[in-house]
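The values are calculated or read from the model by the stated rules, or taken from the named source; none is laboratory data. Everything numeric in this text was worked out from a predicted model, so none of it was measured. Cβ atoms come from the backbone with ideal geometry, glycine included; neighbour counts cover every protein chain shown.
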Amino acid sequence: MPIFDFACQDCGRKFDLMISNADKDKVTCPDCSSKNIKQLLSEFHTGKTRPSFGPSCSQGCSAAASGA
Ligand SMILES: [Zn+2]
């Protein structure tokens, strides 16, 4: 089950919960019980992709690397 990060919009409390997607709408603040919760996007889920040059890389990878 995935872990999601949340921030309470009322008191600013940040917390994480291990819940299912279906339960994300039911999240309440552990401090003030507010339902005004915003889900934070953890870096794990942002999907940053950078090209990786593996050992199988042949011509072109050096040009691409220098071009970056
Ligand atoms: Zn709160």
Take the residues in the stretch 20-44 that are hydrophobic (A, V, I, L, M, F, W, C) and surrounded by 12 or more Cβ atoms within 10 Å (Cβ to Cβ); name whichever of them is farthest from the chain's Cα centre (by Cα).
Cys32
Lone unmet requirement of (1) polar (S, T, N, Q); (2) surrounded by 13 or more Cβ atoms within 10 Å (Cβ to Cβ); (3) modelled with pLDDT under 95 for Ser56:
(2)
Just one of the numbered conditions (1) assigned to a loop (DSSP other than H, G, I, E, B); (2) at pLDDT 90 or above; (3) surrounded by 12 or more Cβ atoms within 10 Å (Cβ to Cβ) is not true of Leu17; which one?
(1)
